[in-house]
1. Are any residues in the range A:345-356 surrounded by fewer than 20 Cβ atoms within 10 Å (Cβ to Cβ) and modelled with pLDDT of 95 or more, and if so, which ones?
2. So which strands (runs of 3 or more DSSP E) stay within the range B:2-65 end to end and still have 3 or more residues that are within 14 Å of chain A (Cβ to nearest Cβ) and of a type outside the set (S, T, N, Q)?
3. Within the range A:73-85, does at least one residue satisfy the condition of being of a type in the set (Phe, Trp, Tyr), within 14 Å of another protein chain (Cβ to nearest Cβ) and open to solvent by 10 Å² or more (accessible area, probe 1.4 Å)?
4. Suppose we keep only residues that are more than 14 Å from every other protein chain (Cβ to nearest Cβ) and in contact with a strand residue (DSSP E or B) (Cβ under 6 Å, 6 or more places away or on another chain) within the range A:14-38. Which one would you say is surrounded by the fewest Cβ atoms within 10 Å (Cβ to Cβ)?
5. With the requirement that a residue be open to solvent by 50 Å² or more (accessible area, probe 1.4 Å) and farther than 14 Å from B:Leu70 by Cβ, what does the range B:89-115 give you?
6. Look at A:Thr38 and say whether it is among the hydroxyl-bearing types (Ser, Thr, Tyr) and assigned to a loop (DSSP other than H, G, I, E, B).
7. Starting from the range A:1-30, keep only residues that are under 14 Å from A:Gly219 (Cβ atoms) and touching a residue at least 60 places away in the same chain (Cβ under 8 Å), then list their pairs with residues that are open to solvent by 40 Å² or more (accessible area, probe 1.4 Å) and of a type in the set (Lys, Arg) whose Cβ atoms are within a distance under 6 Å, requiring at least 6 positions of separation or different chains.
8. Quick one: in the range A:264-314, of everything that is among the polar types (S, T, N, Q) and open to solvent by 10 Å² or more (accessible area, probe 1.4 Å), which residue is farthest from the other protein chains (Cβ to nearest Cβ)?
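The values are calculated or read from the model by the stated rules, or taken from the named source; none is laboratory data. Just so it is clear, the model here is predicted, and its values are computed rather than measured. When we count neighbours, we look across all protein chains shown, and the Cβ atoms used for this are built from the backbone with ideal geometry, even at glycine. Note: accessible area is taken over every heavy atom of the protein model, side chains too, but ligands, DNA and RNA are not part of it. Shrake-Rupley method; radii C 1.70, N 1.55, O 1.52, S 1.80 Å.
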Amino acid sequence: MKNTALTATHEALGAKMVPFAGYNMPIQYEGVNIEHETVRKSVGVFDVSHMGEFLITGPNALALIQKTCSNDASKLTIGKAQYSCIPNDDGGIVDDLIIYKLKEEQYLLVVNASNIEKDWNWISSKNDVDAEMRDLSEDYSLLAIQGPKAVEAMQSLTSHDLAAIKFYNFEVGDFAGIENVIISATGYTGSGGFEIYCKNSEVKQIWDKVTEAGAKPIGLAARDTLRLEMGYCLYGNDIDDTTSPIEAGLGWVTKFTKEFTNSEALKEQKNRGVERKLIAFELDERGIPRHGYDIVDGQGKKIGEVTSGTMSPMLGKGIGLGYVPTVFADVNSKINIQIRKNAVPATVVKLPFYKG
Amino acid sequence: MNIPSELKYTKDHEWVKIEGDIATIGITDFAQSELGDIVYVEVETVDETLQAEEIFGTVEAVKTVSDLFLPLSGEITDFNEALEDEPEKVNTDPYGDGWMIKIKCSDLAEVENLMSADAYKTLIGA
């Protein structure tokens, strides 16, 4: 099991540690509900250094990204980031990721920890254009500073005007006394804030200054409830090697302005319409949907499965995502979630669940 | 870790308080601390008569679902309905307001199978 550069710090704070994607990670410190509320109402900091980072450079860096990723990276200018996914040849998804344009001919790809090796091998296998690839995952740390008070609480740590960094934009500069870090207005919580990329040797100083400035440590359990309240997909739950980006509602990052892996088939799927869709639902009665529970129709016939589910800390009710046949996918459609012996009624809703 | 000496315990981290032939049952301080924030307690077995070790309900934390096992055979007479709106009472007061069910025991000899506070303390390494 791997540690991040902050593992000892988390342990000293009394965090409950669990294995996640091969890393020893903090799942909670004080408690998931209070941590969740901190991010929704104030500011918290997550150590997400397990995430993978690949640097792609050279005259054909963009060409490699364009042929392997679904979104149109030619739209990126220096200082902008883009959410995208890596389709496979069979209609599924290798991974979802964020692409940063650092310089001309230089891009940073940020991928899921559980997929680092798979993604590296996949992109390498497509690299017949001689782009230079470097895996920085072991050398770089990532902190997510999230919450409505992030800008105000962190401004004293940098000479950059944090309020001026727009969503999915970033700057490279000084932060917490360290030079040359990426300050990115991105995140996985829906509550605003920043992600900070730095070297492993620098992250302890940044963590200490960020927590001194008022950000509370937040564990991965709250990261999951926060992302689910927004309806953000989690790779391995809501999207995987068998789910198409069109079915998953990721058509907005699947751009047919260029060719990419399996783009012809996905384009046809988009034009023809999909047979099943990833939907968001809220339970009409008490109960908590969980990954793997059956979704059933009014007659008790199985029509799909829950891919993510939880008790929403902000709404106080059961919420979830899951795939159902398109006829059940319209907002306000009635479905049922099989929770042990009971088929609990649920309603298909529009995302996000929580509208802050 | 709070382990009241007057209660009996199970390896499934439940506590049992015996008064005559009525047993009050909940989960231990250790169990609530391991589970984390409890968000749902489901008991749909009131008025049923079950054998010891049968499942009488479910406790759900944010990330986990755990079955609740009946420590003693008997009829489930009461569910602590306050937990429907405030399941967090199991976290804040596991031996008091966080109690889960009461049962009418059908075989008090089974009490011999339960653990003392000291034995439970040893089990969890407290």
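1. Restricting attention to the range A:345-356, the residues satisfying the condition of being surrounded by fewer than 20 Cβ atoms within 10 Å (Cβ to Cβ) are A:345, A:347-352, A:354-356.
A:Pro345, A:Thr347, A:Val348, A:Val349, A:Lys350, A:Leu351, A:Pro352, A:Tyr354, listed by residue number.
2. B:38-42, B:55-61
3. Looking through the range A:73-85, none of the residues is of a type in the set (Phe, Trp, Tyr), within 14 Å of another protein chain (Cβ to nearest Cβ) and open to solvent by 10 Å² or more (accessible area, probe 1.4 Å).
4. Step by step, filter the range A:14-38, then rank; the result is A:Gly22.
5. From the range B:89-115, those open to solvent by 50 Å² or more (accessible area, probe 1.4 Å) are B:92-93, B:97, B:99, B:102, B:104, B:106-109, B:112-113; that's our starting set.
The answer is B:Thr92, B:Asp93, B:Asp97, B:Trp99, B:Leu108, B:Ala109, B:Glu112.
6. no
7. These pairs meet every condition: A:Tyr23/A:Lys2; A:Ile27/A:Lys16; A:Gln28/A:Lys16.
8. It comes out as A:Asn271.
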